[in-house]
Amino acid sequence: MSEKVIIIGSGPAGYTAALYAARASLEPLVLEGSMRGGQLMITTDVENYPGFPDGIMGPELIEQFRKQAERFGARLQTVDVTAVDFSQRPFKVSVGADDYEADSVIISTGANAKWLGVPGEENLTGRGVSACATCDGFFFRDREVIVVGGGDTAMEEALFLTKFASKVYVVHRRDEFRASKIMAQRVVDHEKVEILWNTALEEVLGDDTVTGAVLKDTTTDTLREMSIDGVFIAIGHKPTTELFENQLILSDTGYISLATRSTVTNIEGVFAAGDVADHIYRQAVTAAGTGCQAAIDAERWLADNE
């Protein structure tokens, strides 16, 4: 028997899609992924999600999403999808040797920040190391921070952090930015920003929270320690779209391409929501919003194609 809608992935987008689809009596099957919950699962304090004036822990917010979706009848399985086939109808979604059929599919597999992999980075993530200035900049009011990167993402992060931090150091391994000229110039000209050219982050220092960084001069290979309160890694994001590479139209950077102002992909009946299709905002609240849109788009498409 074919499912009316299968949701691949979880996080704010997937669970919101599940909630809306369930309330529309579509009885959605959610294949959450073994790392369910997305980036909020490694986010400690979430202070910018509406409705939580005192803030909420990321994993706790995800658990609230899950419970609400389940309450209305969404069926959740913590498994990884290993293959999809959108060339036939009903669509085929595989989890290892198990195949599912679906009249429609909502993709919410998210995206992950690219990390450097240097010592101290992983164990201090959420405790002074971040990949999202919009999420965490507020916690660094009157502190000194480092932004690592040289593209537009790094420029945007650095400029945003000047609203809070007393000093922003941009660490870039080359002697010129890859960023657009106008963005780079704004950063270079900002009174709170200092550029550390030909410099690489080698290690993040600290036990319970970030206290400093080890920096390397890329021209001489000499190392030095620097006291710092926060480290923002801004070298881009990678959407989780490997499953769909030969099935859906993707952007040059791997994000799922959508029809304007909708969640519709190039294949009728397949929709995408959240960070897997959003390289601009990447916020929990915008992901949830597109999850709602995807469920409504799927519901209307199913009604029109019964």
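What follows is calculated from the coordinates using simple rules that are stated; it is not laboratory data. Treat the numbers as computed from the prediction; the structure is a model and nothing was measured. Ideal geometry is used to build each Cβ from the backbone, glycine not excepted, and the neighbour counts take in all protein chains shown.
Summary table
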| read-out | value |
| --- | --- |
| Debye-sum result for the chain in log10 I(q)/I(0), which assumes one identical scatterer on each alpha carbon, at q = 0.08, 0.14, 0.16 Å⁻¹ | -0.40, -1.01, -1.19 |
| For the stretch 161-238, diffusion coefficient by Stokes-Einstein and Kirkwood Rh (Cα), 25 °C, 0.890 mPa s, µm²/s | 180 µm²/s |
| Enclosed volume per residue, in Å³, of the convex hull spanned by Cα atoms of the stretch 105-234 | 124 Å³ |
| Pairwise FRET efficiency - K67 versus D142, Cβ, R0 = 51 Å, nearest 0.05 | 0.85 |
| Calculated FRET value between D208 and N112, using beta carbons and R₀ = 22 Å, to 0.05 | 0.35 |
| Where labels lie 7 Å past Cα in the beta-carbon direction, separation of E27 and V188 in nm | 6.3 nm |
| Neighbour-count ranking [beta-carbon atoms within 10 angstrom, fewest first] of C135, C292 | C292, C135 |
| Cys residues of the chain counted as unpaired, since no other Cys beta-carbon is under 4.7 Å | C292 |
| Estimated D of the stretch 188-306 in µm² per second, where Rh is the Kirkwood radius over Cα pairs and Stokes-Einstein applies at 4 °C, 1.567 mPa s | 72 µm²/s |
| Between helix 11-23 and the chain: long-axis angle, C-alpha atoms, 0 to 90°, nearest 10 | 20 degrees |
| R174 versus Y281: modelled label distance in nm, points set 7 Å from Cα along the beta carbon direction | 3.2 nm |
| Antiparallel bridges, percent of DSSP beta bridges restricted to the chain (to nearest 5) | 45 percent |
| N246 versus R75: modelled label distance in nm, points set 7 Å from Cα along the beta carbon direction | 3.0 nm |
| Longest exposed-site-free window of the chain, the sites being trypsin sites (Lys or Arg not before Pro) in a DSSP loop that have at most 10 other C-beta atoms within 10 Å | 1-140 |
